[in-house]
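Okay, so here's the structure we're looking at.
The values are calculated or read from the model by the stated rules, or taken from the named source; none is laboratory data. Everything numeric in this text was worked out from a predicted model, so none of it was measured. Because the Cβ atoms are built from the backbone with ideal geometry, glycine has one as well, and the counts that use them run over all protein chains shown. Please note that ligands, DNA and RNA were not included when accessible areas were found on the heavy atoms of the full protein model with its side chains. Shrake-Rupley method; radii C 1.70, N 1.55, O 1.52, S 1.80 Å.
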Amino acid sequence: MDSAETQKINKSISKISHIHSLSADFLTEQLSEKGLENFASSHGNILFQLSLVESMKMNELSEKINRDKSTTTVLVQKLINEGLVEVKSSEIDKRSKLIKLSEKGREYNKLTSDLSANLIKTFYNGFSEEEKEIFYSLLCRIEKNFNNANKIFI
């Protein structure tokens with residue numbers, strides 16, 4: 001492999017980071033066009049994660065969105081203030097708080113499902129179904145590498 005190819009490969013993480021920024025900017029612009037300019041992509045990710053379950057503990061949500069608990073708490077508080085999520089005590093452990101979508105949050109998710117579809121359409125524009133599957137598989141392998149590396153270094 002020549003030097004130019006090696007340099008290109010070594011830029012992979014930078015490229016992923018750049019794509020993440022571009023997709024966040026894309027969503028922010030789309031949200032703004034819908035009159036939802038006060039939300040970041042992290043807020044949307046929280047609402048999406050909560051749409052998959054009845055309710056979730058804060059630490060579970062932190063893991064799902066890959067943020068520490070204090071950051072997640074700040075993000076969730078904004079969503080509470082906007083009336084998009086609700087907090088209730090766990091029936092099993094009263095000290096534990098469960099976060100769930102409010103009715104307004106469910107309506108918001110319906111609105112943003114079109115935005116998500118646009119994001120996916122833009123992301124995979126020009127890809128065949130096979131390329132999409134291969135790409136996803138490769139991303140999962142990279143994620144697994146980092147998850148395993150974190151266990152080694154802790």
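Just a few scattered comments:
- Members of Lys15/Lys78; Lys104/Lys132; Lys69/Lys97; Lys97/Lys144; Lys15/Lys144; Lys11/Lys144 lying beyond 22 Å, as alpha-carbon distances in this model show: Lys15/Lys78; Lys104/Lys132; Lys97/Lys144
- Among the protein heavy atoms of the chain, carbon and sulfur supply 53% of the accessible surface, probe 1.4 Å, non-protein parts ignored.
- Applying the criteria of a DSSP loop state and at most 14 other Cβ atoms within 10 Å to the GluC sites (Glu not before Pro) of the stretch 1-81 yields Glu37, Glu54.
- Acute angle (nearest 10 degrees) that the helix 41-51 long axis makes with the longest principal axis of the chain, alpha-carbon atoms: 60
- Charging the Cβ of each Asp and Glu at -1 and of each Lys and Arg at +1, and nothing else, the dipole of the stretch 2-151 about its Cα centre rounds to 620 debye.
- Rolling a 1.4 angstrom probe over the protein heavy atoms with all chains in place gives the chain an accessible area of 74 Å² per residue.
- Kirkwood hydrodynamic radius (C-alpha pairs) into Stokes-Einstein, the stretch 1-86, 37 °C and 0.692 mPa s, D in µm²/s: 220
- Along the chain, the longest continuous region that contains none of the trypsin sites (Lys or Arg not before Pro) in a DSSP loop with at most 12 other C-beta atoms within 10 Å is 12-93.
- Farthest positive-ward along the chain dipole, Cα basis, beta-carbon charges - from Leu101, Gln30, Ser17: Leu101
- Using 0.36 nm per residue and subtracting the Cα-Cα separation, the extra length available between Lys144 and Ser3 on full extension is 48.0 nm.
- Mean residue ellipticity, 222 nm, helices only, the chain: the sum of -39500 (n - 2.57) across DSSP H runs of n ≥ 4, divided by residue count and rounded to 500, is -23000 deg cm²/dmol.
- Per-residue Karplus couplings for the stretch 81-92, computed as 6.51 cos²θ - 1.76 cosθ + 1.60 with θ equal to phi - 60°, are listed in order as 4, 7, x, 8, 9, 10, 10, 9, 6, 5, 5, 7 Hz, Gly and Pro entered as x.
- Cα-projected label distance for Thr71 with Phe48, points at 7 Å along beta-carbon direction, nm: 1.6
- Proximity of backbone amide H atoms, modeled 1.01 Å from N, is registered between Lys57 and Ile99 at under 5 Å, excluding neighbours fewer than 5 places apart on the same chain.
- Taking the Cα atoms of the stretch 36-154, the ratio Rg/Rh between the radius of gyration and the Kirkwood radius comes to 1.03.
- Computed over the chain, relative contact order equals 18 percent, with contacts defined as Cα pairs under 8 Å that lie 6+ residues apart.
- Remark: the Thr28-Ser116 segment gains 30.5 nm on full extension, using 0.36 nm per residue and subtracting the alpha carbon distance.
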